[in-house]
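Here the structure is laid out as structure tokens; the discussion comes afterwards.
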Amino acid sequence: MSQHATKAHAFLANEERANWHDQSLWMVREKRDRASGQIPDWEQLRDCASGIKDHVLANLDNYLEEFEAHALANGVQVHWARNAAEHNTIVEGILRKHNARRVVKSKSMLTEECQLNEHLHRQGIEVIDTDLGERIIQLLEEPPSHIVMPAIHLKKEEIGELFHQKLGTQAGATDPKYLTEAARHHLRARFMESDAAITGVNFAIAETGGIVVCTNEGNADMGVHLAPVQIHCMGIEKIIPKAEHLGVFTRLLGRSATGQPITVFTSHFHQPEPGREMHIVLVDNGRTEQLGREKFRNSLKCIRCGACMNTCPIYRRSGGHSYGATVPGPIGSILTPGQDLKRYSDLPFASTLCGSCSDVCPVKINIHEQLYEWRQEIARQHELPASKRLSMRIAGWVLASPARYRFFGKWARRALQWLPRWMVYHRLNAWGKGREMPEPPRQSFKEWYQNEKPKQS
Amino acid sequence: MTIGLFIPCYIDQFYPQVGRATLELLQKAGCRVEYPLAQTCCGQPMANSGCETDARAAYAHFVDTFAPYDYIVAPSGSCTYHVRKHFDILEQTDTVHQVRQRTLDLCEFLHDVLQIEQLDSHFPHRVALHQSCHGLRGLRLGPDSERREQRPNKPTALLRMVKGLELVELQRADECCGFGGTFAVAQPDISVKMGRDRIADHEAAGAEVVTAGDMSCLMHLEGIVRRQQRPLRVLHIAEILNGARL
Ligand code: SF4
């Protein structure tokens with residue numbers, strides 16, 4: 001079995017929990033349905049967002065330069081990182097210059113992608129994730145299982161137990177309000193003593209050189225306002241041309257992500273406060289390469305709303321950790337093969353190609369079509385298991401010829417009819433694991449059409 | 001107008017009654033139907049596994065077999081979608097182009113081309129429609145729950161013409177059943193779990209029969225129903241429209 005299939009098997013072993021996971025995420029999907037239904041021109045809004053992003057990707061070089069020029073003019077220091085290692089070194093350098101030992105961080109999947117926390121910890125710099133979900137998994141030393149709700153796989157009892165151990169809350173407490181309050185107190189102290197603040201970026205506006213961070217907890221603001229140095233890390237695909245385009249995306253983002261009309265905070269950062277520093281790190285890390293792949297280019301339109309995860313029937317029943325990637329779910333399965341085809345070659349197959357992800361995506365990424373295309377690419381690069389490759393070759397040979405098709409069809413039906421049950425249902429018959437095989441009829445449609453039908457008329 | 005009847009390989013082998021229902025239904029509607037004996041398969045099993053190149057010969061054979069017909073009609077949204085969408089790797093000659101354009105799913109053909117308004121069938125049962133993904137989101141046979149748009153639901157419109165039939169409402173109107181071709185055997189745990197969840201939804205809605213435009217989804221669901229010895233029955237939509245009895 002593939003890695004994903006093996007992990008899914010383990011996830012499903014606890015069916016009650018799997019049902020709970022499925023239902024929690026389905027509820028978020030339903031909220032999104034209600035929220036998107038309140039906008040009469042939802043589909044036009046998606047078209048518009050998709051069009052803006054396509055335009056940006058086609059002119060990314062120009063927009064990046066425009067963005068940099070305006071940011072510099074605002075007094076921001078701009079850095080370029082080719083890959084994760086460069087990104088981490090740049091951030092470390094800024095922190096060292098300021099002798100920063102305690103850093104607070106908010107809303108950044110990019111730093112997760114670059115494994116910044118691990119890097120800084122090795123250098124003796126403490127990083128605290130300040131958003132509740134992120135803080136929970138940081139305390140647990142687990143990777144996120146979702147890009148918007150990183151601790152969605154955990155039950156409140158488990159969080160209560162964790163907080164009891166790490167933050168000293170009452171044993172057995174599960175009231176979300178109480179636990180959230182406890183986390184808030186714990187984090188407040190970290191904010192006060194922080195030497196620097198790092199945030200992610202949702203949108204970077206070329207026209208103004210400013211960046212926008214969308215959050216529900218306001219920790220990006222809190223961090224930036226209290227710390228003497230602010231660092232914003234972003235993938236190069238986060239650019240939008242003009243401030244007037246922002247509204248298109250903020251209307252889509254909150255509704256698609258959690259069914260909120262808009263995130264609670266939409267924070268705009270343009271320039272450092274007097275006497276302080278503001279840095280922006282622009283990271284490539286494989287994005288230019290993806291941009292060069294025509295069939296997969298538009299995966300870079302993603303605004304990381306997580307809707308494709310919430311809707312995915314496989315994700316809901318296997319959990320984010322089953323993907324073994326920073327970005328799990330449908331979008332992760334089309335991004336990761338571009339980063340490491342060998343390592344992630346099973347992910348494009350972790351799908352039924354049902355297409356729900358593409359229709360839910362606010363920027364209209366044709367996710368399921370790209371999953372199909374990655375499968376072709378994986379076969380071309382010889383990363384399919386040999387047994388599968390061979391069986392498909394044989395199937396192709398049989399199905400190209402009416403005579404071979406007829407012969408093998410009849411033979412297979414006979415076998416199913418005559419073989420004893422134990423020879424049909426065994427370990428190697430994956431179909432038979434939870435299902436009966438179809439009952440083979442005496443004759444195929446073709447045989448009936450040839451033999452019986454003429455007698456009728 | 002002559003129709004080339006395309007009966008997908010697994011229907012041919014395992015569900016001949018679905019082929020017969022399709023044929024009879026089209027004939028009753030006044031169509032001239034031929035079933036070209038040389039046909040095999042649309043090539044989807046190989047292509048969805050990443051082996052499009054192994055499917056090429058089957059694609060070419062399909063085009064040769066069906067080129068002479070005015071329409072090619074199949075009781076399968078999924079195979080129809082595959083022909084229309086993925087035969088793009090063949091050189092796009094006029095013939096290839098025409099075959100792709102003229103290949104229609106049965107419901108599409110009845111609804112859009114023949115525009116039938118009544119059916120002479122009676123099925124006094126509570127029926128749930130499983131909306132197979134490729135028909136729904138690929139061919140847009142109806143509006144899906146993700147997009148905010150108005151469009152007719154073709155299979156539903158046809159089922160409403162059947163006397164006595166009561167369509168039940170599902171909690172999740174169009175969630176995938178988990179079949180997914182080779183997915184069903186590559187990821188048996190999730191596949192079966194998805195199927196079991198769909199069945200639970202259908203049962204909770206009080207359905208006696210689950211129907212769909214794709215027998216592949218039903219083969220998967222039926223396999224689970226039979227393993228668990230549940231009373232739920234499955235019938236292809238062609239069988240119900242053609243006047244099947246339980
Ligand atoms: S691919 Fe689309 S739906 Fe998925 S996270 Fe990105 S923007 Fe959201």
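Okay, here's what the table says:
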{"quantity": "3 or more residues away from chain B (no Cβ under 14 Å): qualifying helices (runs of 4 or more DSSP H) within the stretch A:1-107", "calculated": "A:42-58, A:60-73, A:84-97"}
{"quantity": "Scan of the stretch B:179-192 for residues that are open to solvent by less than 30 Å² (accessible area, probe 1.4 Å), at the interface with chain A (Cβ under 7 Å from one of its Cβ atoms) and touching a Ser or Thr at 6+ places or on another chain (Cβ under 9 Å), ordered by number", "calculated": "B:180, B:183, B:184, B:187, B:190"}
{"quantity": "Of all residues in the stretch A:361-398 being in contact (Cβ under 8 Å) with a residue 40 or more places away in the chain and acidic (Asp, Glu), the one that is farthest from the ligand (Cβ to nearest atom)", "calculated": "A:383"}
{"quantity": "Hey, residue B:83 out of contact with any strand residue (DSSP E or B) (no Cβ under 9 Å at 6 or more places or on another chain) and either polar (S, T, N, Q) or not in a strand (DSSP E or B) (or both) or not", "calculated": "no"}
{"quantity": "Search result, residues across the stretch B:157-178 that are under 30 Å from residue A:5 (Cα atoms) and open to solvent by less than 40 Å² (accessible area, probe 1.4 Å)", "calculated": "B:170, B:172, B:174, B:175, B:176, B:177, B:178"}
{"quantity": "Test: residue in the stretch A:335-355 that is within 13 Å of the ligand (Cβ to nearest atom), part of a helix (DSSP H, G or I), touching a residue at least 40 places away in the same chain (Cβ under 8 Å) and more than 14 Å from every other protein chain (Cβ to nearest Cβ)", "calculated": "yes"}
{"quantity": "Set A:155, A:166, A:177: member being among the basic types (Lys, Arg), open to solvent by 30 Å² or more (accessible area, probe 1.4 Å), farther than 28 Å from residue A:238 by Cα and under 23 Å from the mean Cα position of the chain (by Cα)", "calculated": "A:155"}
{"quantity": "Yes/no for residue A:358 being part of a loop (DSSP other than H, G, I, E, B), within 14 Å of the ligand (Cβ to nearest atom) and at the interface with chain B (Cβ under 9 Å from one of its Cβ atoms)", "calculated": "no"}
{"quantity": "Some residue of the stretch A:183-196 being over 26 Å from residue A:28 (Cβ atoms) and surrounded by 21 or more Cβ atoms within 10 Å (Cβ to Cβ)", "calculated": "yes"}
{"quantity": "Matching residues in the stretch B:18-30 - criterion: being facing chain A (nearest Cβ under 8 Å) and open to solvent by 10 Å² or more (accessible area, probe 1.4 Å)", "calculated": "B:20"}
{"quantity": "Condition check for residue B:104: open to solvent by less than 80 Å² (accessible area, probe 1.4 Å), free of Cβ contacts under 8 Å to residues at least 60 places away in the same chain and not assigned by TED's automatic domain parsing to the domain that holds residue B:180", "calculated": "yes"}
{"quantity": "Yes/no for residue A:275 being assigned to a helix (DSSP H, G or I), away from the ligand (no atom under 14 Å from the Cβ) and at pLDDT below 95", "calculated": "no"}
{"quantity": "Any hit, the stretch A:248-259, residues being in a loop (DSSP other than H, G, I, E, B), modelled with pLDDT of 95 or more and either within 14 Å of another protein chain (Cβ to nearest Cβ) or within 15 Å of the ligand (Cβ to nearest atom) (or both)", "calculated": "yes"}
{"quantity": "Output for the stretch A:241-256, where each listed residue is small (Gly, Ala, Ser) and either in the same structural domain as residue A:358 (by TED's automatic domain parsing) or open to solvent by 10 Å² or more (accessible area, probe 1.4 Å) (or both)", "calculated": "A:243, A:247"}
{"quantity": "Conditions (1) touching a strand residue (DSSP E or B) at 6+ places or on another chain (Cβ under 6 Å); (2) open to solvent by 30 Å² or more (accessible area, probe 1.4 Å): number failed by residue A:267", "calculated": "(2)"}
{"quantity": "Qualifying positions in the stretch A:305-324 - among the hydroxyl-bearing types (Ser, Thr, Tyr) and within 12 Å of the ligand (Cβ to nearest atom)", "calculated": "A:311, A:315"}
{"quantity": "When residues of the stretch A:446-457 are limited to those that are open to solvent by 40 Å² or more (accessible area, probe 1.4 Å) and at the interface with another protein chain (Cβ under 9 Å from one of its Cβ atoms), the one farthest from residue B:23 (Cα to Cα)", "calculated": "A:450"}
{"quantity": "Residue B:97 being outside any loop (DSSP other than H, G, I, E, B), open to solvent by 30 Å² or more (accessible area, probe 1.4 Å) and either of a type in the set (Asp, Glu) or modelled with pLDDT of 95 or more (or both)", "calculated": "yes"}
{"quantity": "Cβ-Cβ under 8 Å pairs, at least 6 apart or on other chains, the stretch A:291-319 side under 18 Å from residue A:377 (Cα atoms), far side within 7 Å of the ligand (Cβ to nearest atom) and assigned to a loop (DSSP other than H, G, I, E, B)", "calculated": "A:298/A:365; A:299/A:365"}
{"quantity": "Residue check, residue A:415 away from the ligand (no atom under 14 Å from the Cβ), free of Cβ contacts under 8 Å to residues at least 12 places away in the same chain and out of contact with any His (no Cβ under 9 Å at 6 or more places or on another chain)", "calculated": "yes"}
{"quantity": "Positions within the stretch A:355-391 being under 19 Å from residue B:138 (Cα atoms) and open to solvent by 20 Å² or more (accessible area, probe 1.4 Å), in sequence order", "calculated": "A:364, A:366, A:368, A:369, A:373"}
{"quantity": "Candidate set: the stretch B:122-177, residues that are assigned to a helix (DSSP H, G or I) and without any contact (Cβ under 8 Å) to a residue 40 or more places away in the chain; chosen: the one farthest from the other protein chains (Cβ to nearest Cβ)", "calculated": "B:156"}
{"quantity": "Qualifying positions in the stretch B:202-246 - within 14 Å of chain A (Cβ to nearest Cβ), touching a Pro at 6+ places or on another chain (Cβ under 9 Å) and in a loop (DSSP other than H, G, I, E, B)", "calculated": "B:214"}
{"quantity": "Whichever residue in the stretch B:31-58 is at pLDDT 95 or above and more than 9 Å from every other protein chain (Cβ to nearest Cβ) and, among such residues, is most open to solvent (accessible area, probe 1.4 Å)", "calculated": "B:32"}
{"quantity": "Subset tally (residues that are more than 8 Å from chain B (Cβ to nearest Cβ), in contact with a helix residue (DSSP H, G or I) (Cβ under 7 Å, 6 or more places away or on another chain) and either within 25 Å of residue B:177 (Cα to Cα) or open to solvent by less than 40 Å² (accessible area, probe 1.4 Å) (or both)) for the stretch A:399-440", "calculated": "4"}
{"quantity": "So residue A:443, is it within 8 Å of chain B (Cβ to nearest Cβ) and farther than 30 Å from residue B:227 by Cα", "calculated": "no"}
{"quantity": "Only listed residue being of a type in the set (Gly, Ala, Ser) and surrounded by fewer than 16 Cβ atoms within 10 Å (Cβ to Cβ), chosen from A:35, A:8, A:13, A:49", "calculated": "A:13"}
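The values are calculated or read from the model by the stated rules, or taken from the named source; none is laboratory data. The model shown is predicted, which means the values in this text are computed figures rather than measured ones. FYI the Cβ positions are ideal-geometry reconstructions off the backbone, even for glycines, and counts take in every protein chain you see. Quick note on the areas: whole protein, heavy atoms, side chains included, nothing else; ligands and nucleic acids left out. Shrake-Rupley method; radii C 1.70, N 1.55, O 1.52, S 1.80 Å.
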